[in-house]
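Since the structure comes first, as structure tokens, the remarks are kept for the end.
The values are calculated or read from the model by the stated rules, or taken from the named source; none is laboratory data. In this text, all values refer to a predicted model and were calculated from it rather than measured experimentally. Cβ sites come from the backbone with ideal geometry, for glycine too, and all protein chains shown count toward neighbours. For accessibility, only protein heavy atoms count, side chains too; no ligands or nucleic acids. Shrake-Rupley method; radii C 1.70, N 1.55, O 1.52, S 1.80 Å.
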Amino acid sequence: MAPRHLMSPLDFSVEEMEKLLDLASDIEKNPDKYSHVCDGKRIATLFYEPSTRTRLSFEAAMMNLGGKVLGFHSSDSSSATKGESVSDTIRIVSCYADICAMRHPKEGAPLVASMKSSIPVINAGDGGHQHPTQTLTDMMTIRSLKGRLGNLKIGLCGDLKFGRTVHSLISSLSRYEGVSFVLISPEELRVPSYVRESLAAKKIPFEEVVKLDESTMSGLDVLYMTRVQKERFFNEADYVRMKDFYILDREKMELAPKDMIVLHPLPRVNEIAVEVDDDPRACYFRQVQYGVYARMALILTLLGMEDATNE
Ligand code: CP
């Protein structure tokens, strides 16, 4: 049977997404039940671009399930430096592992790999395009902390142009009733036009603003902060000009709704002041923990083992 891959959060229907999030919540509540379900299984983490959370959380996820990990953490430490293509690499890795997570600076590289793969391939971030497993993490965090995925007003702030987590999260949340977006960015870092056009075509309410102030934050259920993506800029001067455009500090948090949660895919640079970390609304470190449960659920789902503990 052809393997199932994950390239975009929309690869899962809403029903499948709910099932995956239910599984992730069950894993959170009953970790021992899952601690040997992947005994003998291996995940390969093929990271052609730096990562802390995504790679380590995939590795932690597989180890929590009883499985093993192998892989590389930079293209420099793989035969990519000798010119090997991702298509050839995945054919090789298919002989060593049962499932693979790939991050690559080129948009579409994990998709190319998936076409030649005999094992499930997970897009762990491709250029400025998509980051579907961050979206699973974000969806689980929002559902767990706000109790729902519909009827939410979500503010997304920062680099909405290159921030792949933003593109994936908007597309995924757009499928829920009553969701609206406030897109907060400098003019140069607006969401790509395809994202705006998709929202307009689906008649999903959204507004674009530049300032992160009291009026912008009014009524927000979630404020999703992002860093300016230094690695995607062609010009250092443009990055330097943009990098501190937004700084969410204690003073700004005074103006925010009392029940608004602050999320961030991390890494954070300056866009959230460290003083905000103690605010009970700052949930970005809890979000990291949800990422492990979400990836455990994803591994089980793509391996066709989501019902393993019911047998
Ligand atoms: N959120 C995220 O993708 O972090 P890393 O780049 O550290 O994996």
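Annotation: segment 16-57 has a Kirkwood hydrodynamic radius of 12.7 angstrom, from the mean reciprocal C-alpha pair distance.
One decimal place: the segment residue 96-residue 56 gains 12.5 nm when fully extended, by the rule 0.36 nm per residue minus the C-alpha distance. Per-residue SASA remark: residue 206, around 70 Å² accessible (1.4 Å probe; ligands, DNA and RNA not included).
Counting only protein heavy atoms and using a 1.4 Å probe, the accessible area of residue 173 comes to about 0 Å².
Ordering 274, 144, 160 by the projection of their Cα atoms onto the charge dipole of segment 132-288, which places +1 on the Cβ of Lys and Arg and -1 on the Cβ of Asp and Glu, puts 144 at the extreme positive end.
Judged by the mean number of other Cβ atoms found within 10 Å, the most tightly packed of the peptides 250-257, 291-298 leads the ranking 291-298, 250-257.
Which percent, to the nearest 5, of DSSP beta bridges fully inside the chain are antiparallel? Intermediate results must be reported in sequence, preceding the final value.
Numbers: 1 of 34 bridges.
Taking every DSSP beta bridge within the chain, about 5 percent pair in antiparallel fashion.
Overall, the accessible surface of segment 1-149 at a probe of 1.4 angstrom is composed of carbon and sulfur to the extent of 52 percent.
The orientation-averaged projection of the convex hull spanning the C-alpha atoms of segment 195-311 amounts to 11.0 square nanometres.
Cross-link partners of residue 203 among lysines, defined as those whose alpha carbon lies under 23 angstrom from its own and excluding same-chain residues fewer than eight positions apart: 153, 161.
Note on segment 132-288: Cα-Cα pairs beyond 26 Å make up 19% of the total pair count. Calculated accessible area for the chain comes out at 44 Å² per residue, all protein chains present (probe 1.4 Å; ligands, DNA, RNA ignored). Considering the chain at the alpha-carbon level, its Rg and Dmax are found to be 19.2, 58 Å. Using R0 = 41 Å, the C-beta based FRET efficiency linking residue 87 and residue 279 works out to 0.30.
The calculated Kirkwood hydrodynamic radius for segment 41-115 is 12.5 Å, given to one decimal from all distinct C-alpha pairs. In segment 1-91, the alpha-carbon atoms span a convex hull of 134 Å³ per residue. Pairwise Cα distances in segment 264-311 exceed 16 Å for 55 percent of all pairs.
Using the rule -39500 (n - 2.57) for each DSSP H run of four or more residues, divided by the residues of the chain, the 222 nm mean residue ellipticity is -10500 deg cm²/dmol. Other residues with beta-carbon under 13 Å from the beta-carbon of residue 278 carry, at +1 per Lys or Arg and -1 per Asp or Glu, a net charge of -2. Our note on the geometry: Cα centres of segment 289-311 and segment 215-286, 31 Å apart.
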